[in-house]
Structures are given as C-alpha cells and as structure tokens.
Amino acid sequence: MHELGITQNIVAIVAENAQDKKVKRVLLEIGKLSAIMPDAISFCFDICTLGTVLEGATLEILETPGLARCRQCNAEISLEKPFGSCSCGSMQLDLIAGEELKIKEIEIEEVCV
C-alpha cells in the first residue's frame with residue numbers, strides 16, 4: 001500500500017509548514033486518475049499523525065474528476081480511467097486533469113494571548 005508512504009510525506013510537509021503550531025484541518029485534492037485511494041489515505045492519516053502537530057486534525061479530501069483533450073477533434077471529455085475514447089472515435093487523448101495530489105489548505109490553531 002503506497003498510500004502509507006504518501007501519507008507520511010503529506011504529514012511531514014504539513015508539519016514543516018505549520019512551524020510547531022497545532023494543525024486543525026488539512027484539505028487534500030486527489031485526482032481520480034492518480035492511482036491513490038482516498039480511503040486508504042484517510043485510514044493512514046490518523047496513524048501517521050500520532051505524536052505530531054497534526055494529531056487530532058481533520059482530514060478533508062476533494063476528489064477531482066479525470067479530464068482529457070482529444071488530439072483529433074480537440075474536445076474535452078471526462079474520464080473515469082486513465083484511458084478511453086472520444087465521441088469522434090479517437091483514442092488519442094491527452095490527460096489534462098485528474099492526476100493531482102495537492103495539499104490545498106492547512107488550518108492552524110491560533111493562540112490568542
């Protein structure tokens with residue numbers, strides 16, 4: 001399960017950017033064509049955050065759809081898998097969205113003094 005390693009990297013990046021402040025929420029963007037299982041990331045998140053500034057943080061995942069452009073007719077089509085065909089019959093597609101893995105937002109707990 002490569003999601004464990006991915007989650008460990010996400011936690012390390014967020015912790016570094018939080019600069020020792022408590023993290024309340026993390027929003028990830030995961031493309032449907034990325035070969036990353038959001039459920040596995042969610043499962044690993046609680047384990048990977050134990051003992052870090054992310055412990056107890058909420059993880060939100062936004063799944064982005066796959067999108068490709070046809071080389072033949074230049075149409076944009078949605079994809080559920082990293083391959084497919086256009087309505088014009090062409091299978092020559094360029095992926096333009098859906099392979100992302102981004103840390104979109106980090107919410108830090110602010111302490112008022």
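All of the numbers you see were taken from the coordinates with simple rules; none came from a lab. Computed from a prediction, not measured in an experiment: that's the story for all the values here. Using ideal geometry, Cβ is built from the backbone for each residue, glycine included, and neighbour counts are taken over all protein chains shown.
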Task: Per-region count, segment 77-101, residues assigned to a strand (DSSP E or B) and exposed (fewer than 14 other Cβ atoms within 10 Å of the Cβ) - done: 3
Open item on the list: Being crowded, with 16+ Cβ neighbours inside 10 Å, under 15 Å from Glu100 (Cβ atoms) and of a type in the set (Asp, Glu) is the requirement here; does Glu63 meet it?
Closed with: no
Open item on the list: farther than 18 Å from Ala12 by Cβ and out of contact with any Asp or Glu (no Cβ under 8 Å at 6 or more places or on another chain): is that true of Leu95 in this structure?
Closed with: yes
Open item on the list: It is to be established whether one or more residues within segment 46-58 are in contact with a Leu (Cβ under 6 Å, 6 or more places away or on another chain) and among the small types (Gly, Ala, Ser).
Closed with: no
Open item on the list: Quick check on segment 40-60: of everything there that is within 16 Å of Leu27 (Cβ to Cβ) and of a type in the set (Ser, Thr, Tyr), which residue is surrounded by the most Cβ atoms within 10 Å (Cβ to Cβ)?
Closed with: Thr49
